[in-house]
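Undergrad: Structure provided below as structure tokens; questions to follow.
The values are calculated or read from the model by the stated rules, or taken from the named source; none is laboratory data. Fair warning: this is a prediction, and the values are worked out from it, not measured in the lab. Reconstructed Cβ throughout: ideal geometry from the backbone, glycine too, with neighbour counts over all protein chains shown.
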Amino acid sequence: MSYVVLARRWRPASFDEVIGQEGVVRTLKNAIQMDRVAHAYLFCGARGVGKTSVARILAKALNCEDGPTPKPDGSCTSCTEITRGVSPDVFEIDGASNTGVDDVRSLRENSQYLPARSRHKIYIIDEVHMLSTSAFNALLKTLEEPPRHVKFIFATTEPHKIPLTVLSRCQRFDFKRIPTDVIFKRLGEILTDEKAEIEAGGVQAIAREAAGSMRDALSLTDQVLAFGGEKITAAQVYAALGLTQSGLFSEVIQQVIDNQPDKLMELVKKLFDEGHNLKRFLEGLLWHIRHLILYRTLKDPNSLISVLEEERRCLHEQAQHAGRLRWHQIFDVIARALDELGRSPYPRLVVETALLRLSAIEPLVEVDDLVQQVQRLASRLESGEKIGPPRHGEGGKPSRGRSSPSGSGSQEREKYAEAFQPRIPPQQETERKASPQKSSPADSRFPKGWKDLVAVVSKKKPSIGSVLNHARPLEVSPEQVKIALIPNSFFADQMKNDRNKRDLQQICRDFFRADTRLVIETAGEDAGPTLSEAREQERKQTEDGIKKDSTAHPAVQEAIRVFGAEVEQIKISKGENS
């Protein structure tokens, strides 16, 4: 007799044997008990989560000789025929092979006839999303008002591909991925019944690799049993499935934290020589780092991490070896490497350079930690304490972010520069305020009275005042006001307007109380500066001076020396320029 694989042998035969889909099962059982069974159902979900199995059980429940009942006996003629797939009244149709409108027309014509022996004619269409648009349209009328003896059960992994007109005519059930711990428990029961033994770590690896699919878990178990016999170790499970043992992920991460590039390269060489799939290695490494991030961030992440108790302890301990930002930094680099791996013909080089990059870049430091250290440093300086070079392990040297894969380093520097604003000692502040304010050096570059004239014009006619701020004064006197504007510029065009000219000339005459003549010429930048240019130059000189004074402050100099920082930005508070 030929061997029947575990996935078929342990397929659920009743609602009570279905695992991980409690909501769906409860609803269907209640619908049968209350005689509220719909004429069309749509079962959606990932592969191997029980969609087709529940469809068969529902067919048994409706056609059982003792039914309809939520607990079909499984031994009557109807139930056994459905189990064997030979029932004349239950049709299992592969949507991928019967996609045309002619197939649906045949189904529609056949549905008009009464069942041969059973209570209902039941059509189970798997991967229904593969039907063509015309086939769906041909099915609509029958689907909306089928004969009383007909039931439709559709199953699909891609419900978004099904037309809304079909979705609206079905009761939809979404099947969840089965939790890893539920698969782990079920595999233990099956292995006990099969009189086979696999170490708990190996069963956990199978359950995790199944990714929520019970059918995949059973298929992997079959593969492992064929590889190792009746008593199998966790190491044999990893070897049979081509997986990397979780202990190796811990070793890789520890060598990254300890900055051991030589050992990292030896590990990659070992993985490559042993034929490991490097893509799956990086995927497993990403999950390991995800666990570390959760243990470093959450108070109780155990409900989100499905591993054995011993692995939990190791993860919790390793998570404390670095800060949250460091784990996120490592995750980003590995995620980018995994993305690049799919496009590169040299997977080993991608993995090697990713791990070497992690060894080379400096760890990111929390901004709050930096601010606290700087504040402590400033406090010690103000108290007159003499500070020497930092001892090894004290403070450390944070990353300036140039090697950050996500570019967050520059943001860290900016936050640091903005957060630290050195205070000027009281004596220096008093001297600064008491010092006489010097006249602006820009005043000597303009004819006498020009700035006053521009101020008057700006008050009376702001639009013309804006023009004068960008004009180059050639002569300013009661007899004549001569200005130059850059040819074809916006401001030159403004003064082509006769009304603007008349208004400006009148304001000039009122200002000088004379019959002042207005002359407007065109000239290049060599004709002299404008008030706008002079103010911009003064502003830049002021900022440069403040930046120079600020960076010369002892506290800032000490912060630059201790933290290896750079001054990114200087912010001038209100009143600083007064």
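Undergrad: From (1) at pLDDT 90 or above; (2) out of contact with any Leu (no Cβ under 6 Å at 6 or more places or on another chain), pick out the condition that doesn't hold for V203.
TA: (2)
Here is a yes/no grid of residues against (1) at pLDDT below 90; (2) farther than 17 Å from A96 by Cα; (3) surrounded by fewer than 14 Cβ atoms within 10 Å (Cβ to Cβ); (4) not assigned by TED's automatic domain parsing to the domain that holds S97:
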{"position": "T133", "(1), (2), (3), (4)": "yes, no, yes, no"}
{"position": "E144", "(1), (2), (3), (4)": "yes, yes, yes, no"}
{"position": "K151", "(1), (2), (3), (4)": "no, yes, no, no"}
{"position": "F154", "(1), (2), (3), (4)": "no, no, no, no"}
{"position": "T157", "(1), (2), (3), (4)": "no, no, no, no"}
{"position": "C170", "(1), (2), (3), (4)": "no, yes, no, no"}
{"position": "A196", "(1), (2), (3), (4)": "yes, yes, no, yes"}
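Undergrad: Return a yes/no flag: does segment 70-91 have any residue that is assigned by TED's automatic domain parsing to the domain that holds A116, within 15 Å of F154 (Cβ to Cβ) and touching a residue at least 40 places away in the same chain (Cβ under 8 Å).
TA: no
Undergrad: Now for a different question. Go through (1) closer than 21 Å to H291 by Cα; (2) in contact with a helix residue (DSSP H, G or I) (Cβ under 8 Å, 6 or more places away or on another chain) and name the single condition D258 misses.
TA: Among (1) closer than 21 Å to H291 by Cα; (2) in contact with a helix residue (DSSP H, G or I) (Cβ under 8 Å, 6 or more places away or on another chain), D258 violates only (2).
Undergrad: While we're looking at this one, here's another question. How do the pairs read when you match residues in segment 197-211 that are of a type in the set (D, E) with residues anywhere that are loosely packed, with under 15 Cβ neighbours inside 10 Å and modelled with pLDDT under 90, using Cβ under 6 Å and keeping only pairs 6 or more apart or on different chains?
TA: So the pair list comes out as E197/K231; E199/T233.
Undergrad: Being of a type in the set (K, R) and within 21 Å of E340 (Cα to Cα) is the filter here; which residues of segment 238-280 pass it?
TA: Result: K269, K279, R280.
Undergrad: T192 versus (1) out of contact with any helix residue (DSSP H, G or I) (no Cβ under 7 Å at 6 or more places or on another chain); (2) part of a helix (DSSP H, G or I); (3) crowded, with 16+ Cβ neighbours inside 10 Å: which is the lone unmet condition?
TA: Every listed condition holds for T192 apart from (3).
Listed here are the residues, each with its yes/no results for (1) surrounded by fewer than 16 Cβ atoms within 10 Å (Cβ to Cβ); (2) under 24 Å from G201 (Cα atoms); (3) without any contact (Cβ under 8 Å) to a residue 60 or more places away in the chain; (4) touching a strand residue (DSSP E or B) at 6+ places or on another chain (Cβ under 6 Å).
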{"position": "N259", "(1), (2), (3), (4)": "yes, no, no, no"}
{"position": "D273", "(1), (2), (3), (4)": "yes, no, yes, no"}
{"position": "F281", "(1), (2), (3), (4)": "no, yes, no, no"}
{"position": "L298", "(1), (2), (3), (4)": "yes, no, yes, no"}
{"position": "I330", "(1), (2), (3), (4)": "no, no, no, no"}
{"position": "L341", "(1), (2), (3), (4)": "no, no, no, no"}
{"position": "L349", "(1), (2), (3), (4)": "yes, no, yes, no"}
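Undergrad: Can T52 be described as under 21 Å from L139 (Cα atoms) and touching a strand residue (DSSP E or B) at 6+ places or on another chain (Cβ under 6 Å)?
TA: yes
Undergrad: Next question. Looking at A96, A40, A46, can you tell me which residue is out of contact with any Asp or Glu (no Cβ under 9 Å at 6 or more places or on another chain), at negative phi and among the aliphatic types (A, V, I, L, M)?
TA: That would be A46, the only listed residue that is out of contact with any Asp or Glu (no Cβ under 9 Å at 6 or more places or on another chain), at negative phi and among the aliphatic types (A, V, I, L, M).
Undergrad: Suppose we keep only residues that are of a type outside the set (A, V, I, L, M) and closer than 21 Å to E310 by Cα within segment 210-244. Which one would you say is modelled with the lowest pLDDT?
TA: Top of the filtered list is T244.
Undergrad: If I go through segment 82-113 residue by residue, how many of them are exposed (fewer than 13 other Cβ atoms within 10 Å of the Cβ) and in a loop (DSSP other than H, G, I, E, B)?
TA: Counting residues in segment 82-113 that are exposed (fewer than 13 other Cβ atoms within 10 Å of the Cβ) and in a loop (DSSP other than H, G, I, E, B) gives 7.
Undergrad: If a residue has to be farther than 16 Å from V454 by Cβ, part of a helix (DSSP H, G or I) and not charged (D, E, K, R) to count, how many in segment 521-556 make the cut?
TA: 11
Undergrad: Would you please name the residue that is farthest from the chain's Cα centre (by Cα), looking only at residues in segment 472-508 that are surrounded by 16 or more Cβ atoms within 10 Å (Cβ to Cβ) and of a type in the set (K, R)?
TA: If we take residues in segment 472-508 being surrounded by 16 or more Cβ atoms within 10 Å (Cβ to Cβ) and of a type in the set (K, R), then K482 is farthest from the chain's Cα centre (by Cα).
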